[in-house]
Amino acid sequence: MIRNLILILAFSLPQIIFGQDFTITATNSQPCVGDTITLSHTENCDWTVPGTDGEFFDHQPDNLSGVSSILLTGIAPGEYTINATTGAGNGAIDITVSAVNANFEIMQEGLNGYKIQVSSEVQESPYLFPITFRWNFGDGTTIEDIIDNNDEEVRSFQSYTYDSQTQDSIFDISLTVTNAAGCTEDTTKTDTIHKIFKAPNVFTPNGDGVNDFFTAQTDGQTEFDMYIYSRWGNVVFESEKPTTRVVWDGRLKDGKRVSSGIYYYVIIPRNAPDTEKITGFVHVFAEKE
């Protein structure tokens, strides 16, 4: 009798339900800035979203209480946690909003003008690796730079030398950046590749009045020193001071003409220390025909 009474009392008492965690599903837990995602639970929930004043997310509907799903649009990169409760249980989901930046800078390096350097902007965290930087230099050449670790500064830096041109050439240089979440951006800039330094590769210092001088010059802004060497490595000529134009008459310091042959010159910029020196060859025909 006592056992039956205890069983009857146990079934007649109200049941105590303890809160339990539940799962929130997302159409995409790693959206790009500007993407809209849907968060859902099987029951109506009260949702708590970071920055519901629009600092991090724009959200619809404005009422985040008593609905089973909400729409969120990421407007700033970051890692966020969205919480929800049904009163009987709680749920949470982590969302990572990311973006990439394809802006870049073009720097010309080298007096010949055909070598350039390109540098992308530093990417903003959170980083979703790998991050791919695809450069297109406008002449059919592409370079992929894939970064798959967390460096202090996530960016791409490349050097590229165009084939020698006989005249100024204009190229559309573009960069496309993509991260592991599929966020992508591209930027195109136009650059004119031109020859800053000019020098002949042949001259005939034979006194006939035609092509008697080797004239090396820049764009009028870059000063340089010039050294000319024989094939044995001896200096046969050097400029007296930095200048934008050097003229050599094919003579040594003692006034004697050099012999016919191939000579090697070195051009060292002086007022542009970040510009690389250039080297080249000139073929001297000293004898009269």
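Quick notes on this one:
- Its Cα centre serving as origin, segment 40-186 has a Cβ charge dipole (Lys and Arg +1, Asp and Glu -1) of approximately 200 debye.
- Pairwise label distance in nanometres, PHE213 with ILE143, each label 7 Å out on the Cα-Cβ vector: 3.9
- Under a model in which nothing but the beta-carbon of Lys, Arg (+1) and Asp, Glu (-1) is charged, the chain shows a dipole of about 1040 debye around its Cα centre.
- Unit charges on C-beta of K, R, D, E only; dipole of segment 112-165, Debye: 200
- Sparsely packed trypsin sites (Lys or Arg not before Pro) within segment 227-278, loop by DSSP, other Cβ within 10 Å at most 16: ARG231, LYS253, LYS256, ARG270, LYS277
- Think of segment 26-83 as a dipole: +1 on every Lys or Arg Cβ, -1 on every Asp or Glu Cβ, centred on the Cα centre; then among GLY74, THR38, ASN63, THR38 lies furthest on the positive end.
- Phi angles of segment 205-218 translate, via the Karplus equation with coefficients 6.51, -1.76, 1.60 and θ = phi - 60°, into HN-Hα couplings of x, 10, x, 8, x, 10, 6, 7, 10, 8, 10, 10, 8, 10 Hz per residue; Gly and Pro are given as x.
- Label corresponding to log10 I(q)/I(0) by the Debye sum over Cα atoms at q = 0.09, 0.11 Å⁻¹ when calculated from the structure given, among [x] -0.65, -0.89; [y] -0.68, -0.82; [z] -0.45, -0.68: [y]
- Measuring max minus min along each principal axis, the C-alpha atoms of segment 179-272 give extents of 70, 28, 25 Å (largest first).
The numbers here are math on the coordinates, done by the rules we state, and not lab data. Since we're looking at a predicted model, the values are computed, not measured. We place every Cβ from the backbone using ideal geometry, glycine too, and count neighbours over all the protein chains shown.
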